[in-house]
Structure formats: structure tokens, C-alpha cells
Amino acid sequence: MQGTWHDVLDKDAVVVVKADTMQLLVKTTVLHKLKFKLDATRSPRRIDLTIAEGMGKGQKMLWIYKFAGGKLVIAYPLPRFDGGKLVFGQPRPKTFPANKAAGLAFLTLEK
């Protein structure tokens, strides 16, 4: 998973993974710096992230991931608004839905 990944739908969106850190960028602007732990023993595979810098600092995010055809595919719950603030940490998706499910977002990344 290490390295620089580009969103297949938006080439300006980049995910940089180094050791146990991940940066989410648009062009050269860092949106989030994250610390993460992988659990490849579960099905689907899991990523537990903590926002180290950026909007939602200190909050946790629970994602799932898979590798498919040389691409990294991630499904994650969308944050919600509460009192004008974004709140992360919604329940982790249990599966990769065949169709886009309400409340979920997807990233398909390639190197």
C-alpha cells in the first residue's frame, strides 16, 4: 500500500502512504494527515484511521479496502454534520456494495 496513489476519477486527488501515515491531497493542498492501522486478516480488509492534522483532528474513521486489478479500492462512511461541524467516525461498511449505497463513498486509486 506504500507509495503515491491517484484517484482514477479525479487526477488532482492524491493519497500518499508512508509507513503508518497517510496524506489526502488535492493538487498540493493537504486536506488530512492521518495515522492508520491495517487489518488484512478480516474480510473485508480494514483500515482504522485517526486524523492527525486537518478538519476533524483527533477523530477516527473506519474504512474497508481491497486490491482489484492493480487498483486500491476503498469504501468509507461519509461524515455527518452536527451543529455545523463535520463529525467523522460513522460505522464501518460491512461489505463493498454492488451499487453506491447511501451514506458511503468510494475511492478507486492507482499508482
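The values are calculated or read from the model by the stated rules, or taken from the named source; none is laboratory data. No experiment lies behind these values; they were computed from the predicted model shown. When we count neighbours, we look across all protein chains shown, and the Cβ atoms used for this are built from the backbone with ideal geometry, even at glycine.
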List every residue pair whose Cβ atoms lie under 9 Å apart, where the two residues are 6 or more positions apart in sequence or sit on different chains, the first residue falls within the range 50-61 and is under 13 Å from Lys85 (Cα atoms) and modelled with pLDDT of 95 or more, and the second residue, located anywhere, is of a type in the set (Val, Ile, Thr) and not in a loop (DSSP other than H, G, I, E, B). Gln59/Thr50; Gln59/Ile51; Gln59/Val87
Which numbered condition Lys71 fails, given (1) touching a residue at least 24 places away in the same chain (Cβ under 8 Å); (2) of a type in the set (D, E, K, R); (3) in contact with a Gly (Cβ under 9 Å, 6 or more places away or on another chain): (3)
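Pick from the range 29-50 the residues that are hydrophobic (A, V, I, L, M, F, W, C) and more than 11 Å from the chain's Cα centre (by Cα): which of them is nearest to Lys18 (Cα to Cα)?
Our first condition is that a residue be hydrophobic (A, V, I, L, M, F, W, C); within the range 29-50, this holds for 30-31, 34, 36, 38, 40, 47, 49.
Narrowing further to those that are more than 11 Å from the chain's Cα centre (by Cα): 30-31, 38, 40.
Details: Val30: 15, Leu31: 16, Leu38: 13, Ala40: 17 Å.
My answer is Leu38.
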Could you look through the range 7-16, keep only residues that are within 17 Å of Tyr76 (Cα to Cα) and under 14 Å from the mean Cα position of the chain (by Cα), and pick out the one that is surrounded by the most Cβ atoms within 10 Å (Cβ to Cβ)? Val15
Tally the residues that are at pLDDT below 90 and closer than 24 Å to His6 by Cβ, restricting the search to the range 74-95. 0
